[in-house]
Amino acid sequence: MFLRSQTHHLKVRLAENVADLRAVQRLRYAVFVTEGGANGPHVDHDAGLEVDAFDDHADHLLLCDPDRADGDQIVGTYRLMTMDHARSAGGFYSAGEYDLSPLLAQGKPVLELGRSCLDPAYRGGTALLNLWQGIGRYVAARDIATLFGTASFPGTDTAALAEPLSLLHHQHLARPDLRVNALGPGAAAMDLIAADHLDRRAAMAQVPALIKSYLRLGGTVGSGAFVDHDFNTTDVCLILETAKMSDRQRALYGGADGG
């Protein structure tokens, strides 16, 4: 069972009904489409929703602000897909970009994290930490061994992202038995600059905050990036083994109660 949590005035819970899901899809439209320029078959411009075929099969983690003046209380979200969810949906979302067979061959419980976004007014504070602590409780309740999912750089020009992509490849590549590989025409190399020619500080400055959060928790990346023209992003696949997190990382990730 997922336990609700509350930090100050922000609350974390799972979506409970269709109204919650529609609120999530409106938030995703605002962030991915209006702000980020995404388009494609997953976008319903008339209704102002960002929707795909996986939504009805997944759990949706919500960050809520009950005191928000405009009444739109859902200000952050993550989509969570277990193996059971994937069987129901016909697969994981990430399988459209990466060959997940090395990861799934481990035979351990996995959780795909996706469609993460925050209302702009809640970025840069504790909102992301609140969501991650909610994920921690979800993971503990289901004994999840490995978290994975795609995370994005804005834009589709990999040459402009050569420094951060190369840094991830040289310093944070997953070990071979977990190393998923980018698939299809969207696949792009990440090792664009030799390790001894990288300005690591400048490269890390270009890494989005969400990806840095994964790395701080011990996350690694798959081989190759995926250029997603519908979303106007360049994606990398992040992999995080919960057993390899340090006690300090686990306490931060799981929340003050460790759960």
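The distance linking the range 172-207 with the range 91-128 is 18 Å (Cα centroid to Cα centroid, whole angstrom). Label separation (Asp44 vs Asn17): 1.8 nm, computed from points 7 Å beyond Cα along the C-beta direction. Would the range 23-77 count as rounded, prolate or oblate if I go by the C-alpha gyration tensor, calling it rounded below 1.5 in a/c and otherwise prolate when a/b exceeds b/c, oblate otherwise? Oblate is the answer for the range 23-77, as a/c is 1.5 or above yet b/c matches or exceeds a/b. For the chain, the membrane-span-like helix rule (DSSP H, alpha carbon extent of at least 20 Å along the helix axis, mean Kyte-Doolittle at least -0.5) picks out 127-142; this says nothing about an actual membrane. This model, with +1 at the C-beta of Lys and Arg and -1 at the C-beta of Asp and Glu, gives the chain a dipole about its Cα centre of some 940 debye.
Run a plain Debye calculation on the range 5-254 (Cα atoms as equal point scatterers, no solvent) and give log10 I(q)/I(0) at q = 0.12, 0.15 Å⁻¹, rounded to two decimals, same order as the q list. Taken in order of the listed q values, log10 I(q)/I(0) reads -0.68, -1.11.
With K and R counted +1 and D and E -1, the other residues having a Cβ less than 10 Å from that of Ala15 yield a net charge of -1. Counting Lys and Arg as +1 and Asp and Glu as -1 over every other residue whose Cβ lies under 10 Å from the Cβ of Asp228, the net charge comes to -3.
With Cβ to Cβ distances under 14 Å as the rule, what net charge do the other residues near Arg179 carry (K, R +1; D, E -1)? For residues surrounding Arg179, the net value is -3.
Note on His197/Thr158: beta-carbon distance plugged into 1/(1 + (r/R0)^6) with R0 of 22 Å gives a FRET efficiency of 0.85. Relative contact order of the range 5-254, taken over Cα pairs closer than 8 Å and 6 or more residues apart, is 20 percent. Between amide H atoms placed 1.01 Å from N, distances below 5 Å from Gly48 occur with no residue 5 or more places distant or on a separate chain.
Just so you know, all these numbers are worked out from the coordinates, no wet-lab data involved. These figures come from a predicted structure and were not determined experimentally. Note that each Cβ is placed from the backbone with ideal geometry, even for glycine, and that neighbours are counted across all protein chains shown.
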